[in-house]
Structures are given as structure tokens and as C-alpha cells.
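Trainee: The structure under discussion is supplied below as C-alpha cells; questions concerning it will follow.
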Amino acid sequence: MDDVPRDPPALEVLPTAPEVAARLAELFVTAAAEAVARHGRFLVALAGGTTPLAAYRLLARADVPWPKTHVFFGDERCVPESHPDRNDGAAREALLAHVPIPAENVHAIDAMAEDGAAKAEKDVRTILGESLRFDLVLLGMGPDGHTASLFPGHPALHEKKHLVVRLEDSPKPPPARITFTLPLLRAARHTVLVVTGAEKRMALLRVLAHDPETPAALARPRDGVFTILADEAAGAEPGTGGAAAGTGAA
């Protein structure tokens, strides 16, 4: 894996998925405050998934500088806006509809447009500027190690030029998706990977081993902070009831 730090990521193993969600909300609040103090705004990319959505519900009641926050989405399914599979729709219902964030600060992906990926990339470049650096990127992971809509063995993993691309052949339905690519994800100041459920245990071990075939491992920031939040079901060694060895689990 080229230019990825070899130092171990910060792994926190908490007893349950709800506790992972609560910790994720805490990290979000801290990152927002630090970003606004640093450069006057907070740039964040949200993830889909059950545990992030539970964190978003907590954040709806948290002290976050929403007027200074810009929200993006790490990937989106190419389905109509009203479809339950939409990441932005779920995030709006859980969080964004309940907080005072300006509508123009929510950068949803126009996933049904043929040029949706190009429009999303233009939006990213316009808002993030030359650094192309998010203050916080939230990522989930599937049992196969995919993250955002970057799947093992898919050509999108090797994209170097574009920050956002469209897939027509996702191995997980729906087949059409738009996703951030590794060059954008790996520029983040802080990335939090959320991993819950026993079915993701082996993929988590591959991430911890820097497996170059596992997309979630490849999404690690080049020079930012990489935090993994896992529940005990995902963060235990195979065949044991304890946390994964050598990870500094909390």
C-alpha cells in the first residue's frame, strides 16, 4: 500500500453498537469545535449505516456549530430522492432536518443525473479549496471490507485523477452508485471508521493488518488521524471473547 503510514490506527472497542454511536457523536462534536477554531468552518463527510444514523440522532441534540458546518456524503446510491436507500435522505431524517444548518451547506449528490459525479466533484473542489481536505470523514465498512462505494477488486480503487466517480456495476445493489475516491478520502485530517457486528470481524482484522486488498484499509488518511470504533462483536479475536490483540482497545 503506497504512502500509507505504518503506525497502528487508534482502535477503540466498546461493548455495544449504541455505545459506539455515542462515542462517534463525541468525536464529531470535538472535531467540529476544533475545525471552527482552526479555520472558521467545519467540513465533514457523512456515512450511511445503522450505527452512524444512531450517532446522528444524538447529534441532533448536541452543541455543534451548524451554521459554520458544511456536510457532504461519502457516497450515494443512484435512486430517486424519496427512496429509502438514499444516504442523504436518512441523514436528513435523523439529523439535518432538526438542526440550524443552512440549506446551501448541505451538499447532497445529484445521484440521478448523468453528470452527478462531475457535479459532486466540482462542489467538493469549490468548497474545500486547494487543500481538498475534510476535517472529518465518517466511514462504515461491509463484511467484504468495502467502504463508501469502493469495493474489493473494483477499478474505482485505482482512480487517481477524479475525486468522485460513478459506478454502474456495484457488486452490492443498487448497481449504480456515486462515491468519493481514495485520493479525496486519504486527504482527511481525521477519519473515523465505524465497525459493528460479528460478520465484520475478519474484515476489521484485515484493516488492522493494512491489507492492500481491503478498501477500508486503503482509505486510511495519508497524514491525518485514523480512528476505528468497533463494538465487541466486531473487535474480538476469532474464537475469543476479548478485544483484538495489540490494538490498544478501550
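The values are calculated or read from the model by the stated rules, or taken from the named source; none is laboratory data. None of these values were measured; they are calculated from a predicted model. Cβ: placed from backbone, ideal geometry, glycine included. Neighbour counts: every protein chain shown.
Trainee: Which of the residues belonging to segment 182-216 are in contact (Cβ under 8 Å) with a residue 60 or more places away in the chain and part of a helix (DSSP H, G or I)?
Mentor: Hits for segment 182-216 are Leu184, Leu185, Ala203, Leu204, Arg206, Val207, Leu208, Pro215, Ala216.
Trainee: Here's a follow-up. Return the residues of segment 217-236 that are part of a loop (DSSP other than H, G, I, E, B), modelled with pLDDT under 95 and in contact with a helix residue (DSSP H, G or I) (Cβ under 8 Å, 6 or more places away or on another chain); say none if nothing qualifies.
Mentor: Gly235
Trainee: Can you pull out the residues in segment 46-55 that are among the hydrophobic types (A, V, I, L, M, F, W, C) and crowded, with 23+ Cβ neighbours inside 10 Å? Don't jump to the end; show me each part of the working.
Mentor: Looking only at segment 46-55, we keep the residues that are among the hydrophobic types (A, V, I, L, M, F, W, C), and these are 46-47, 53-55.
Within segment 46-55, Leu46, Ala47, Ala55 qualify.
Trainee: On to the next question. Return the residues of segment 124-180 that are assigned to a loop (DSSP other than H, G, I, E, B) and within 23 Å of Ala54 (Cβ to Cβ); say none if nothing qualifies. Quick ask: steps written out before the conclusion?
Mentor: As a first pass, look at segment 124-180 and keep what is assigned to a loop (DSSP other than H, G, I, E, B): 129-135, 140-146, 148-149, 151-154, 159-163, 168-176.
Correct list: Phe134, Asp135, Gly140, Met141, Gly142, Pro143, Asp144, Gly145, His146, Ala148, Ser149, Lys172.
Trainee: Another question, if that's okay. Give Leu43, Leu11 a once-over and let me know the one that is more than 16 Å from Leu193 (Cβ to Cβ) and crowded, with 21+ Cβ neighbours inside 10 Å.
Mentor: Of Leu43, Leu11, the one residue that is more than 16 Å from Leu193 (Cβ to Cβ) and crowded, with 21+ Cβ neighbours inside 10 Å is Leu43.
Trainee: Sort out which residues of segment 109-118 are out of contact with any helix residue (DSSP H, G or I) (no Cβ under 9 Å at 6 or more places or on another chain) and either in a loop (DSSP other than H, G, I, E, B) or loosely packed, with under 14 Cβ neighbours inside 10 Å (or both), and write them in order of number. Can you show your working first?
Mentor: Taking segment 109-118 as the starting set, the residues that turn out to be out of contact with any helix residue (DSSP H, G or I) (no Cβ under 9 Å at 6 or more places or on another chain) are 112, 114-118.
Listed by number, the residues that qualify are Met112, Glu114, Asp115.
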